[in-house]
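The values are calculated or read from the model by the stated rules, or taken from the named source; none is laboratory data. This structure is a prediction, so every number in the text was calculated from the model and none was measured. Methodologically, a virtual Cβ is constructed for each residue, glycine included, from the backbone with ideal geometry; neighbour enumeration extends over all protein chains shown.
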Amino acid sequence: MNVMETKMLRWIVDIRLADRIRNEKIPSDVANTNSDDENSAEDEAVNGSEEPTPVAQKVQTAVANPEQQSTNTSSLPTEGSIARSTENGPVQRRFNYVPVNTVSFALPDGYSTSRSDIEFLGSGAYGNVIKTLVECRDGEVRAVAVKKFRDPFCDQLQARMIYREIKLLQIMRHDGVIRAIDLYTPNTVEHEFKDVYVVTEYAGDSIVKILHDQKVTGRTHITPEHVPFIIYQLLRVLKYIHSANIIHRDLKPGNLALTSDSDLTVLDFGMARSLERTETSLTQYVMTRWYRSPEVIYWNIDGYNEQVDVWSVGCITAELMLGQPLFPGEDTNAQYEMITSLCGSPDEELMRKIEATSPATRRVVESYPFHKRQNFTQRFSGCPPLFIDFLDKILVLDPEKRLTVEGSLSHPYFADYVDATDEPTAPSSFDLNDNPSRSRDEWKGIIWQEIQNFVGDDASPKIPS
């Protein structure tokens with residue numbers, strides 16, 4: 001057991017929510033583990049009436065006895081994409097169609113279609129996600145999250161975003177980052193290709209779900225002592241992905257999952273991109289508003305960088321401590337007012353940087369009411385002093401003066417958990433090869449090949465012969 005594991009045991013979060021939340025109706029803004037957007041998530045899980053059986057038996061029954069499967073399952077399986085990962089060469093996969101919350105999911109043979117195993121996790125702007133069970137090549141039966149992208153080839157931007165996500169989920173290797181264990185389509189030929197599925201291991205309940213349960217039930221699941229442990233794990237992940245020249249761009253509680261043992265996983269890399277590419281047309285829309293940095297919403301100082309993720313960390317840290325969002329703006333104007341009323345309006349130094357990029361933007365910023373920065377010790381009175389100091393250094397308007405990921409990891413707020421020997425970085429920058437000049441049809445062909453070439457590993461689903 002290394003130092004990090006030893007320290008982890010000191011503050012294991014007692015979040016025994018899986019059974020309770022699974023059977024609890026969650027409002028539409030929180031039922032989103034492993035989904036795209038907590039503000040548009042659906043609210044119902046699929047609850048079964050079957051008697052519980054051992055996990056392995058459930059998978060075996062679902063595959064071997066289709067007449068005993070859920071009435072939600074299509075009566076006839078269909079053939080689909082080629083899998084190139086069996087010892088005997090390529091095989092044609094077969095699929096069962098299962099309607100869940102009005103969405104039809106194509107589940108390959110080997111995936112449980114039992115109602116008691118399937119749970120609707122959420123819906124966002126780009127897809128729907130369910131949880132089910134599957135037997136994997138190493139003999140283990142795992143809970144997995146199956147994401148079906150919504151209208152993946154509606155335009156060039158959507159297709160490119162999906163490519164980036166499935167590519168990153170294959171190449172990233174970090175214990176705090178979700179990864180793809182299966183990639184498939186039920187479509188058999190490229191000219192009919194219209195459905196894309198990506199499968200990851202189920203990473204636990206989303207933090208937004210946990211905080212909702214905490215608010216509704218009055219039971220404390222995340223205490224002030226747990227916050228630095230959770231945020232330290234998030235910073236470890238950012239150190240890794242930033243070292244690969246990737247920024248996440250959409251960090252929020254709905255994209256962070258916790259297991260009952262408090263292991264944190266960062267989800268959903270659909271908005272991630274390489275630091276080399278500056279796409280100003282996307283800057284105001286890439287993140288859920290409450291966690292956007294001011295340079296994303298209001299000004300673009302020579303393009304933005306990894307510091308946008310750091311601002312999001314500050315917002316998430318405050319929400320974990322306070323139990324509610326720090327900047328829940330109803331629109332961009334309200335968001336700006338909330339941010340500046342706490343963090344102060346831009347000073348003259350920052351104004352000059354804004355003006356250098358866009359004089360018009362400076363005039364707009366100057367039209368807003370001026371606010372002095374609040375005293376964080378007074379504003380967050382009653383909170384731990386080191387938490388207040390960390391927040392004061394990370395929630396800074398000027399990204400050049402904002403605490404960095406490295407600076408955050410060195411902050412004394414995380415002294416009980418930091419282990420520099422267990423903060424891995426990427427061996428090299430990730431080359432996504434996501435040229436924005438490619439057309440929608442070109443991306444469609446590239447994604448088709450990604451699916452056909454997907455191999456997986458021992459944690460990937462076993463493909464019945």
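Observations, loosely collected:
- Check on I162, closer than 24 Å to S437 by Cα, modelled with pLDDT under 95 and in a helix (DSSP H, G or I): yes
- Residue in segment 401-409 that is assigned by TED's automatic domain parsing to the domain that holds L326 and without any contact (Cβ under 8 Å) to a residue 40 or more places away in the chain present: yes
- Residue in segment 323-343 that is touching a residue at least 12 places away in the same chain (Cβ under 8 Å), small (G, A, S) and surrounded by fewer than 17 Cβ atoms within 10 Å (Cβ to Cβ) present: yes
- Any chance E201 is free of Cβ contacts under 8 Å to residues at least 40 places away in the same chain and acidic (D, E): no
- Residue in segment 266-289 that is modelled with pLDDT of 90 or more, surrounded by 20 or more Cβ atoms within 10 Å (Cβ to Cβ) and either more than 14 Å from the chain's Cα centre (by Cα) or of a type outside the set (A, V, I, L, M, F, W, C) (or both) present: no
- Residue that is within 20 Å of V310 (Cβ to Cβ) and out of contact with any Asp or Glu (no Cβ under 9 Å at 6 or more places or on another chain), where the choices are G329, G344: G344
- When F376, F387 are screened for being in the same structural domain as V296 (by TED's automatic domain parsing), in contact with an Asp or Glu (Cβ under 6 Å, 6 or more places away or on another chain) and crowded, with 16+ Cβ neighbours inside 10 Å, only F376 passes.
- Per-region count, segment 104-127, residues modelled with pLDDT under 95, within 21 Å of F193 (Cβ to Cβ) and in a strand (DSSP E or B): 1
- Flag if D458 is out of contact with any Pro (no Cβ under 8 Å at 6 or more places or on another chain), surrounded by 15 or more Cβ atoms within 10 Å (Cβ to Cβ) and either at pLDDT 95 or above or assigned to a loop (DSSP other than H, G, I, E, B) (or both): no
- The single condition among (1) over 21 Å from A272 (Cβ atoms); (2) surrounded by 24 or more Cβ atoms within 10 Å (Cβ to Cβ) that T217 does not satisfy is (2).
- Near pairs, Cβ below 9 angstrom, 6+ apart or cross-chain, from segment 367-378 (more than 12 Å from M338 (Cβ to Cβ)) to any residue that is modelled with pLDDT of 95 or more and exposed (fewer than 14 other Cβ atoms within 10 Å of the Cβ): T377/P385
- Residue tally, condition assigned to a loop (DSSP other than H, G, I, E, B), under 23 Å from the mean Cα position of the chain (by Cα) and of a type in the set (D, E), over segment 414-455: 3
- Hits in segment 172-193 - residues which are within 23 Å of E135 (Cα to Cα), among the β-branched types (V, I, T) and either surrounded by fewer than 18 Cβ atoms within 10 Å (Cβ to Cβ) or under 20 Å from the mean Cα position of the chain (by Cα) (or both): V177, I178, I181
- Residue satisfying condition, being in contact (Cβ under 8 Å) with a residue 40 or more places away in the chain, aliphatic (A, V, I, L, M) and closer than 27 Å to D458 by Cβ, within set V134, V103, V98: V134
- For the condition assigned to a helix (DSSP H, G or I) and either over 24 Å from R289 (Cβ atoms) or touching a residue at least 12 places away in the same chain (Cβ under 8 Å) (or both), L251 does not qualify.
- Listed conditions (1) modelled with pLDDT under 95; (2) assigned to a loop (DSSP other than H, G, I, E, B); (3) not hydroxyl-bearing (S, T, Y) are all met by N187, apart from (1).
- Criterion: within 19 Å of I162 (Cβ to Cβ), of a type outside the set (S, T, Y) and either outside the structural domain of C136 (by TED's automatic domain parsing) or part of a loop (DSSP other than H, G, I, E, B) (or both) - qualifying residue of K194, K215, K209: K194
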